[in-house]
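The values are calculated or read from the model by the stated rules, or taken from the named source; none is laboratory data. What you see is a predicted model; the values in this text were computed from it and never measured. Neighbour counts run over all protein chains shown; Cβ positions are idealised from the backbone, glycine included.
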Amino acid sequence: MSLRTLDLATRAVSAHCRAQHVPLPPLRLAKVGDDQIELVLASGAVPAPLGFTVRGASWLLEREHRPQLRAVPGVEDALRPYPGLVSIGRDDQDQQVLVDLEGLGLLTLDGDPGLSSAALAAMALELAFSPSADELVLTLIGQSTELAEAVAKDNVTTTDDLDGLLERWERRAAAQRAHRSPDVVGERRIDPDLADPWVPEVALINRMPTAEQSVRLIDLLTRLPRITMAAVLAAPLAGAPWSMQLQASVPDAPARAILQPLGLELVPQLITPPGQRAVVELISAAGSDETTPAPWWRDGRQPPDPPPDNVMYLGRRFGAWINAGRDGEEPMETRMVEAGVGYSHPMLQLLGPIELMDAAGVIPPRAGKQCLEYCAWLLENPRTTAQAMASALAVAEGTRRSNMSRLRNWLGSDPDGQPYLPDAYSGRIELHPAVSSDWQRFQILTSPGINRSSTAALRTALEMVKGAPLADAAPGQWHWAEELRTDMISAIRDLGVELTNRALHDNDCDLARWAASRALVAAPGDELLMVARIRTEHQAGNMAETERLTLQVAAHARNLDVVLDPETVMLLQEVMEGQVRARMA
């Protein structure tokens, strides 16, 4: 059981209450264990939904009943009934404990100020990224602005103006109290047409309020009827109905906390300042729009970078490389001549189904897939050590050694009797320089940059693509190669677009159609490649196919909830409507 299961369970409660026209039960706590989820309700409630059993004021969901949640009518589209749920720690049964901040109203964090700040930071991060993040408003007071800036969401803000927040909340509270009865929030929270005015607001306050502010907080958040605003205050406050008392423990032992008035003992969920900085850095990097040119693309006339170390091995095999300069420029060399003319050496195919071609040995009767992965890793990480290899591939040393022996027998030896996988007497493992991959050959053909390589080189490189990179590796396998796989897809995409553009410039619609279609096998649905296909069919006068592809691109963007590039939008307008729609300056 997990927080993902808890999210499904609460949406099942929402769907059940809406379908049965019964009030939404007020939630106090949720406990998530390995085998059970417990929803601790604030009071007795309506009959529980399918899959739950009732024990006192709690609804229990056992692991074996989890599939029944999907059978609750409307669960997939149900609104989340408790957006203010947030983790506060783990109890002595190692269950993750969450509180519904909206249901508590006001929670104080007492005790060690450093622990209180760390607990508040953990809540801020979880609320900003929880499944309910878009269904609540989060305000950080007295905290660093870095988190809100990194999250970059309209509903996550930071301020030092507690008086201003209280004034706005008091106006909203007055409006809500004028329009509610005891059950109105629960009823309207799960109604898509009525939910907006009842969106919860949570303030995480990391400073001591003044005496006047304290009185206003107590009155605002504890007076009946309750409202949809809640606060967590990292300071003690007399009169607050809920508190979590945090205590530092002995060295090398976790801190402890007690949730009052329940007396529930916990190991609190904390994020200390070093962890906060690391997470903010990660969020900032992941959300950044800044990019750098890919290594297979050249801006201006800068000279090409040296090929990657692993590609240097393959380079030794060629007397010359295929011409990768721009057509019409001074050619480099137009022939690819292998040093061992008349003899094929082992080549690992990665740009499609994974296969080892032209091996001189016998395919092993077992662990063949693992041997292919070892071969790929060695090609990408030449002169590695046994320890580094075992660590990167997450295998035991005995397993690694057995599979290396199988791979050595499979690769065999060259015509001179030299093994393609020599014994590593130096402590450094490296394949014979003649062993290569189609990806390495692709890199050599495009080494001056895809946009500066000859059309012949681009076409030869694209012909190597037999499908999606690492096509028959299951998700989760080849974990070390995810960045490599992404690079392959991106390079193929860029090559397909570049070759299509050149072909359209030369009015060669057959080559343009082939280039974009071939690249789409590796990058299905890619916007730039689909645009290349639309431009091709439009130039060829094939309006039926142009319209079909245009509608496909628009539908794909709508399904993924992504915004099309402005240049794509203008192209679609031009091919469908004959012109770009007018824009005022």
### Message
Among the residues of segment 402-425, are any closer than 15 Å to His479 by Cβ, out of contact with any strand residue (DSSP E or B) (no Cβ under 6 Å at 6 or more places or on another chain) and surrounded by fewer than 17 Cβ atoms within 10 Å (Cβ to Cβ)?
### Response
no
### Task
Look at Ala522 and say whether it is farther than 27 Å from Gly412 by Cβ and over 24 Å from the mean Cα position of the chain (by Cα).
no
### Query
Any chance segment 198-214 includes a residue that's farther than 23 Å from Leu109 by Cα and without any contact (Cβ under 8 Å) to a residue 40 or more places away in the chain?
yes
### Task
Run down Ala240, Ala230 and say which single residue is part of a loop (DSSP other than H, G, I, E, B) and crowded, with 19+ Cβ neighbours inside 10 Å.
Ala240
### Query
With segment 56-119 as the region, which strands (runs of 3 or more DSSP E) entirely inside it contain at least 2 residues that are under 29 Å from Ala203 (Cα atoms) and either within 27 Å of the chain's Cα centre (by Cα) or in contact (Cβ under 8 Å) with a residue 24 or more places away in the chain (or both)?
85-90, 96-100, 106-111
### Task
Take Glu397 and decide whether it is among the acidic types (Asp, Glu) and either on the phi > 0 side of the Ramachandran plot or surrounded by fewer than 15 Cβ atoms within 10 Å (Cβ to Cβ) (or both).
yes
#### Entry: Selection status of Ser454, closer than 30 Å to Leu511 by Cβ and in contact with a Leu (Cβ under 6 Å, 6 or more places away or on another chain)
no
### Task
Please state which of the following conditions Thr158 fails to meet, knowing it meets all the rest: (1) of a type in the set (Ser, Thr, Tyr); (2) in contact with a helix residue (DSSP H, G or I) (Cβ under 6 Å, 6 or more places away or on another chain); (3) within 28 Å of Asp91 (Cα to Cα).
(3)
### Task
With the checklist (1) farther than 15 Å from Met229 by Cα; (2) in contact with a strand residue (DSSP E or B) (Cβ under 8 Å, 6 or more places away or on another chain); (3) crowded, with 19+ Cβ neighbours inside 10 Å; (4) at pLDDT 80 or above in hand, flag the one item Ile190 doesn't pass.
(2)
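Please work out if Asn501 is part of a helix (DSSP H, G or I) and under 25 Å from Ala360 (Cα atoms).
Judged against the criteria, Asn501 is not a match.
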### Task
Scan segment 435-442 and give yes if some residue there is assigned to a loop (DSSP other than H, G, I, E, B), in the same structural domain as Ala360 (by TED's automatic domain parsing) and either in contact with a strand residue (DSSP E or B) (Cβ under 7 Å, 6 or more places away or on another chain) or over 23 Å from Ala503 (Cα atoms) (or both), otherwise no.
yes
### Search result, residues across segment 206-220 that are touching a Gly at 6+ places or on another chain (Cβ under 6 Å) and either crowded, with 20+ Cβ neighbours inside 10 Å or part of a helix (DSSP H, G or I) (or both)
Asn206, Ile218
### Task
Look through Leu138, Leu147 and report the one residue that is modelled with pLDDT of 85 or more and out of contact with any Lys or Arg (no Cβ under 8 Å at 6 or more places or on another chain).
Leu138
### Query
Somewhere in segment 58-70, is a residue of a type outside the set (Val, Ile, Thr), in contact with a Pro (Cβ under 7 Å, 6 or more places away or on another chain) and either surrounded by fewer than 21 Cβ atoms within 10 Å (Cβ to Cβ) or not assigned by TED's automatic domain parsing to the domain that holds Thr222 (or both)?
no
## Note on the structure
Scanning segment 539-585 for residues that are of a type in the set (Lys, Arg) and either over 31 Å from the mean Cα position of the chain (by Cα) or under 25 Å from Asp506 (Cα atoms) (or both) gives Arg548, Arg581, Arg583
### Among the candidates Pro524, Pro566, residue that is without any contact (Cβ under 8 Å) to a residue 12 or more places away in the chain, within 26 Å of Ala294 (Cβ to Cβ) and of a type outside the set (A, V, I, L, M)
Pro566
### Summary
Here the residues within segment 425-453 that are out of contact with any Gly (no Cβ under 7 Å at 6 or more places or on another chain), of a type in the set (Val, Ile, Thr) and more than 28 Å from Ala390 (Cα to Cα) are Thr446, Ile450
### Message
Suppose we keep only residues that are in contact (Cβ under 8 Å) with a residue 60 or more places away in the chain, not assigned by TED's automatic domain parsing to the domain that holds Ser391 and not in a loop (DSSP other than H, G, I, E, B) within segment 452-486. Which one would you say is farthest from Cys371 (Cα to Cα)?
### Response
Leu484
### Matching residues, segment 144-164, being out of contact with any Ser or Thr (no Cβ under 6 Å at 6 or more places or on another chain) and part of a helix (DSSP H, G or I)
Glu146, Leu147, Glu149, Val151, Leu162, Asp163, Gly164
#### Entry: Out of Trp410, Trp514, sole residue that is modelled with pLDDT of 95 or more and touching a Cys at 6+ places or on another chain (Cβ under 7 Å)
Trp410
### Summary
Residues of segment 254-280 being without any contact (Cβ under 8 Å) to a residue 24 or more places away in the chain and part of a strand (DSSP E or B), in sequence order, are Arg256, Ile258, Gln260
### Query
Failed condition for Gln93, given (1) crowded, with 19+ Cβ neighbours inside 10 Å; (2) out of contact with any strand residue (DSSP E or B) (no Cβ under 6 Å at 6 or more places or on another chain); (3) outside the structural domain of Pro273 (by TED's automatic domain parsing), with all others met?
(1)
### Task
Would you mind telling me which numbered condition in (1) of a type in the set (Gly, Ala, Ser); (2) at pLDDT below 90; (3) out of contact with any strand residue (DSSP E or B) (no Cβ under 8 Å at 6 or more places or on another chain) Ala278 fails?
(2)
